[in-house]
Amino acid sequence: MPRTVGFYGGTVRRRTAPLLALLIILCFPANTLAQTIFGRVTDAEDGSALPNVSVVVRGTSMGVATDQRGEYALRLPSPGRYELVVRHLGYETVHRTVGVAYADRVREDVAMEAVVIGGEEIVVSARAQRVADASRSVERLDSDEMRRVRGQTIGDALKHLPGVTMLSTGPSIDKPVIRGLHSERVVLVNHGVRQEGQQWGREHAPEIDAFAPVEVSVVKGAAGVEYGAGAIGGVLRVEPRALPERPGVGGSIDLDAFTNNGQAAGGLLLEGARTAGEGTWRWRTHGSLRAAGASRAPDYVIGNSAFREANVLLATAYHRDHWHVDVMASRFSSTLGIFSGAHVNTVEAWENVVQRDRPAIDYRFTYAIDAPRQEITHDLARVRAQGKIGRGVRMTVQYGIQRNQRREFDAHSPGGGPPSAPGVELLLTTHTADVGLRSPVIDAAGGSLLVHAGVSGLNQGNENGRASYLIPNYRAISGGTYARTTWTRAPWTLDAGGRLDHQWSRSFPRDNGGTSFLDRTHSFWGGSGILSASRSVSNDWTVSIAASTAWRPPGFNELYSDGVHHGSAQYEEGMPGLRGERAWGLDATVRQDGDRTRLQIGAYATRVDDFIDLVPSGQPKVTIRGVFPLFRYQQRDALLHGVDGRFEVDLADPVTVGVTASMVRGTDRQTRLPLADLPADRSTLFADVRLLHRPRATALRSIRLRVDGHGVRRQTRFPEGVDFAPPPDGYTLLDVSLRTGWSWNGTPMSLQVGAENLLNTRYRDYLDRMRYFTDAPGRSVMLRLHVDV
């Protein structure tokens, strides 16, 4: 494959950097004088500052977030009256109309009332959550930002966040990697429920609707106290946007189109609220559809990479006085193809495919999905009740049920013809129950103390279909109890907590691949803990440090896998007798949030004892279904460390430029050799320019231009002689988007036109399992329309 280099050397850098520089020079305004609304946002109950509160001008894309002191400064392009909308998860939305004169500064402080209504809180209370996040590296995308960066999967919206990369299997499957860790080491919390699917698979992407009205937070680092066993690498929180508060009915329509794979997608949201007796009833319905054909690399079609997706969400809540009940249910359904060239029949064909510069077959573009393919359905239902039980103590009781069905079809049946039945068929059913208690604010040692404690339980069963037993049938029962305290007194925030979990399981693996089955039971105990401190050292700067420990038991796939994993086109062998992993982490974060600059840098080190790793053997495996690369689970002691962060500066009112960067290193502590499958160093340069802003206009209200240059280095730290091909070369990608805001007969709408991989760069990513067989997708022009109704 021809070498493609990027920010770190080569011709692409000479094309990309001048474009960014020219954009900044042309758009730099001569007059930077502006009007400003500023102030402080606090909790109405205890007066504490609320960081990361969204303060936006209604009907526009202009807005800011409060800093760690709860302060904000919103610069406006012209004098006039503006309606501010102040939102924060777990608090009543506040609307304020403020008048500002030419070159004036107007102070507007806001005290927000905490609420407990359906869908607005996650596993812990909003107040305790913001304090817990203060001592960690946390990246957030609100619903507006999710809409701007939404792609084919939820991973497309996250892949350029610092410290976050994607483990891919072709163009339509992305799995989040947080600081080098993924799969069973990253916990996904969806609408307040720990999501349980077949997350062990590299090509098992999160079953999340990218169109859903959600806000996404990525917690980087061990978080086992709040989220239980498995939260070693971090947590991906998918939190629903607040249900409507005002009586009436509203909603929105979203339409997307992508040229690379001919994708057409749409989402419809309807929601409302009404007074019911002495309380308030609120509700939401949402549905989305996607259909995409085969993706295109710069020089050819990636065969059998089409996909289809259909999703639906229903939610309702009733709130009265200090009590509420909320119920939600959702279904995620997807069918997607796996690149046909990844399945071959002989060793010679396998070696030829890996050595080739491009696929041997010239595929045609089509919307058809043939084998190999995946069919996934994930159903989730949850009921939750919350309220006060005396002396200000809040209780939360929650029950959830999930049903995850996965069917994977091989390219060929054992007889050589097309498959009539799935090669892998798994049905996972999970019941969860949680009870939490949260104290009122307690005066302690001259500060404020919050205590949060609870218990949780899980009952899970996995059933195989008749086709195969890649992982065994099993039943797992687990439970845990935890307590966490947070103490604040300016300028300090201290946080400490502990958790104890136990998992018992009974599984039935095949006896050495034969027709008989064994009966195996396992029992694992483990504890998690955290101790952290955060201090505001000045008006703009905050320094935090956290020490934590977390654990996880080995997965059933890691213990007993023995077969072809059709979705990733590889043969996997487990290792009975694996021990549970134990992680020890240290995380330091520096934040700066000034009037014109914003900075966050996180440095971390994570020691993992008995690290379980799926590594390539370097040899293919011959089976009756074909030849596949052989991967084996191994256990070792590992050390991961790195740094990631972002910096941005407002050069003037309309122009913001910035950079994000990530670096992670992983080492086997015994052999001192690097770990396989770790992300390469990467960075992003971006420029965001507000070309037009007229919030009171009756037609065109805003125009915003965004340019991103993404640079990824070649991975030079990898174990020699164990992979099937060396890491691919580094690369640079250029993305451009233009977003406009309109008002049509009083109806707000936005239209976004953009291009990903504008220069149609040919590249392969080290963390893409299909890199052995094909290039990544080339240029894609996209169109996004959002209409509020």
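The values are calculated or read from the model by the stated rules, or taken from the named source; none is laboratory data. The structure displayed is predicted, hence computed values, not measured ones. Reconstructed Cβ throughout: ideal geometry from the backbone, glycine too, with neighbour counts over all protein chains shown. For accessibility, only protein heavy atoms count, side chains too; no ligands or nucleic acids. Shrake-Rupley method; radii C 1.70, N 1.55, O 1.52, S 1.80 Å.
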Excluding M663 itself, what net charge comes from residues whose Cβ is under 12 Å from its Cβ, given Lys and Arg +1 and Asp and Glu -1?
+3
Scoring the stretch 521-680 by relative contact order with C-alpha pairs under 8 Å, at least six apart, yields a percentage of 17
Rounded to one decimal in nm, the spacing of the 7 Å Cα→Cβ label points at H95 and T716 is 5.8
On the full set of protein chains, 1.4 Å probe, figure out the accessible area of L630 and give it in Å² to the nearest 10.
10
Give, in nm to one decimal, the length gained when the segment between A257 and E463 is fully stretched (0.36 nm per residue of separation minus the Cα-Cα distance).
70.4 nm
Under 8 Å for C-alpha pairs, at least 6 residues apart: give me the relative contact order for the stretch 261-355, rounded to a whole percent.
23
Once you place label points 7 Å from the Cα toward the Cβ at R391 and R672, how far apart are they in nm?
5.8
Quick one, could you list the DSSP H helices from the chain stretching 18 Å or more along their long axis (Cα atoms) with average Kyte-Doolittle hydropathy of 0.0 or above?
11-27
Compare L426, L494 by solvent-accessible area with a 1.4 Å probe and give them largest first, with all protein chains kept in place.
L494, L426
Find the accessible area per residue for the chain; the probe is 1.4 Å, ligands and nucleic acids are left out, and the unit is Å².
39
Can you pull the accessible area of R282 for me, 1.4 Å probe, Å² to the nearest 10?
10
In what sequence, highest mean first, do 778-785, 662-669, 219-226 appear when ranked by Cβ atoms within 10 angstrom?
219-226, 662-669, 778-785
Relative contact order of the chain, pairs being alpha-carbon contacts under 8 Å that are 6 or more residues apart, as %
12
Using θ = phi - 60° and Karplus 6.51 cos²θ - 1.76 cosθ + 1.60, couplings along the stretch 258-272 (whole Hz; Gly, Pro as x)
10, 7, 4, 10, x, 6, 10, 9, x, x, 10, 10, 10, 7, x
Using 0.36 nm per residue, how much length does the chain from W742 to R696 gain when fully extended, once their Cα-Cα distance is taken away?
15.5 nm
Which order do you get for D595, D723, D650 if you rank them by accessible area with a 1.4 Å probe, largest at the top?
D595, D723, D650
What number comes out for the charge environment of W281, summing +1 per Lys or Arg and -1 per Asp or Glu over other residues with Cβ under 10 Å away?
+3
Label-point separation in nm, V615 to A381, each point 7 Å along Cα→Cβ:
4.6
Shape of the stretch 236-788, Cα gyration tensor, a/c cut at 1.5
rounded
If you filter the stretch 298-379 for trypsin sites (Lys or Arg not before Pro), then keep DSSP loop positions with at most 14 other Cβ within 10 Å, what is left?
R356, R364
For the chain, the dipole about the Cα centre with charges only on Cβ (Lys and Arg +1, Asp and Glu -1), to the nearest 20 debye, works out at 860
The stretch 551-699: C-alpha gyration tensor shape, a/c 1.5 cut-off, then a/b vs b/c
prolate
Using a 1.4 Å probe over the heavy atoms of the protein chains, calculate the carbon and sulfur portion of the accessible area of the chain as a whole percent.
56
With every protein chain left in place, what is the accessible area of T698 in Å² (1.4 Å probe, nearest 10)?
120
Please find the FRET efficiency linking L518 to V354, where r is the Cβ-Cβ separation and R0 is fixed at 30 Å, and quote it to the nearest 0.05.
0.25
For A310 and L651 in one chain, what is 0.36 nm times their gap in residues minus the Cα-Cα distance, to one decimal in nm?
118.5 nm
Classified through the alpha carbon gyration tensor (a ≥ b ≥ c as square roots of its eigenvalues; rounded if a/c is under 1.5, else prolate when a/b is larger than b/c, else oblate), the stretch 589-665 comes out oblate
